[in-house]
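Working notes, structure below.
Just so you know, all these numbers are worked out from the coordinates, no wet-lab data involved. Just so it is clear, the model here is predicted, and its values are computed rather than measured. Virtual Cβ from ideal backbone geometry, glycine too; neighbours counted across all protein chains shown.
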Amino acid sequence: MIELWQFRASPYNEKVRWALDLKGAPHSRRSVLQGPHAAAIKARTGQTATPVLRFDGVWITGSAAIIAALDERFPTPPLIPADPAARAEALAIERRFDAELGPRMRRATFGALLPTPFYLARVFAAGRPAAMQTLYGAVIPAASGLIRAANGMTGPASIADGERAIEEALTFIEGQRAGRRHLVGEAFTVADITAAAFVAMVADFPGTPMEKPKPAPAALRGWLARHADHPAVLWAREIYAAHRVRPDDFDGPSR
Ligand SMILES: N[C@@H](CCC(=O)N[C@@H](CS)C(=O)NCC(=O)O)C(=O)O
């Protein structure tokens, strides 16, 4: 049995949900709240980051390793190309988002969300009872130092760098695509999933697990509007429309 432990508003988690859905892999999902998640995830995997996947009794951490394991067990549709050059290119793009652009983009995203803790609570705890979201929102200001430290938010310069990373990511996508539908060759790959999931963090794609709860604060709407018409955002929206089977899926097939 495959079991995913997940956060909702996280591109890393979204990558894995997307791969599981595309492959129709039988699995269950357990949603954990950022903060209280740490003890449960650490007890199982020795680290605290999500997503984590229990696969044949073994815990796998890291979205790239999880997708690689799923691709091996459930080869259809393939997400990692067989051709060595295309494979190297797709995995390099995934790594660039996972390790470099993504963490920087996340700092800017938290920078946009932390001033409105009750809204941030709705993002983190979407789908949970309103009373729990309110309680969670009341705790966030006290936890904001921890959130900043855990995400490398060292001050305004780190937020500005995050904003630059968003621009870099969008420019990179358009350059890499060079007018094509996909980032690597002519096929849909893990590179498309990864880039689109990270764009979904800094855009609003209604009807997906990454949708920003409504109503969003005016400042966040302004922040999202800055890139909403960028060709790379429009591309990611199309990738979601064409390939995110079960787009409304968050809790997974078993619930
Ligand atoms: N390299 C990891 C990064 C995962 C990651 O950064 N997850 C964040 C959510 S976006 C997380 O769980 N943070 C809480 C923590 O690390 O305790 C992956 O690819 O899965």
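For the reader, a short list of remarks on this structure follows.
- Highest-MSF residue in the chain out of Pro209, Pro156, Pro78 [GNM, Cα springs under 10 Å]: Pro156
- Amide H contacts under 5 Å for Ser31, placed H, 5+ residues apart: Gln6
- For the chain, built as a Gaussian network whose Cα springs stay under 10 Å, the top-fluctuating residue of Ala38, Ala149, Ala219: Ala149
- In Hz, Karplus ³J(HN,Hα) per residue of the range 46-58 (6.51, -1.76, 1.60; θ = phi - 60°; x = Gly, Pro): x, 8, 10, 6, 9, x, 10, 10, 8, 9, 6, x, 10
- Extension gain for Glu174-Arg221 works out to 14.6 nm (0.36 nm per residue, less the C-alpha to C-alpha distance).
- Going from the fewest other Cβ atoms within 10 Å to the most, the residues Leu146, Leu79, Leu4 appear in the order Leu146, Leu4, Leu79.
- Cα-based reach from Lys214 at 26 Å (exclusive), listing lysines while leaving out same-chain residues under 8 positions away: Lys15
- 3J(HN,Hα) from dihedral phi, the range 217-223, Karplus parametrisation 6.51/-1.76/1.60, rounded to Hz, x for glycine, proline: x, 4, 5, 5, 4, x, 4
- Each residue of the range 137-151 is assigned a 3J(HN,Hα), and the resulting list reads x, 5, 8, 4, x, 5, 8, 5, x, 5, 4, 4, 5, 5, 10 Hz, derived from the Karplus form 6.51 cos²θ - 1.76 cosθ + 1.60 (θ = phi - 60°), x at Gly and Pro.
- The chain, dipole about Cα centre (Lys/Arg Cβ +1, Asp/Glu Cβ -1), debye to the nearest 20: 740
- Burial ordering of Leu114, Leu135, fewest other beta-carbon atoms within 10 Å first: Leu135, Leu114
- Euclidean distance between Cα centres, the range 152-216 to the range 1-72, Å: 21
- For a paramagnetic label modelled on Ala85 (point 7 Å from Cα along Cα→Cβ), amide N atoms under 15 Å away belong, within the range 163-200, to 184-187.
- Environment charge at Gly179 (Cβ cut-off 14 Å; Lys +1, Arg +1, Asp -1, Glu -1): 0
- Additional length obtainable on full extension of the chain from Ala157 to Lys42, 0.36 nm per residue less Cα span: 38.3 nm
- Here's how it looks for Ile2: its modeled amide H is under 5 Å from those of Ser28, which are all 5 or more places away or on a different chain.
- Residues whose placed amide H lies under 5 Å from that of Ile60, excluding near-sequence neighbours: Leu53, Arg54, Phe55
- A Gaussian network model of the chain, with springs between Cα atoms under 10 Å, assigns the largest mean-square fluctuation among Ala232, Ala165, Ala82 to Ala82.
- Local electrostatic count, Asn151, Cβ distance below 15 Å [Lys/Arg +1, Asp/Glu -1]: 0
- Going from the residue with the fewest nearby Cβ atoms within 10 Å to the one with the most, Met105, Met201, Met132 rank Met132, Met201, Met105.
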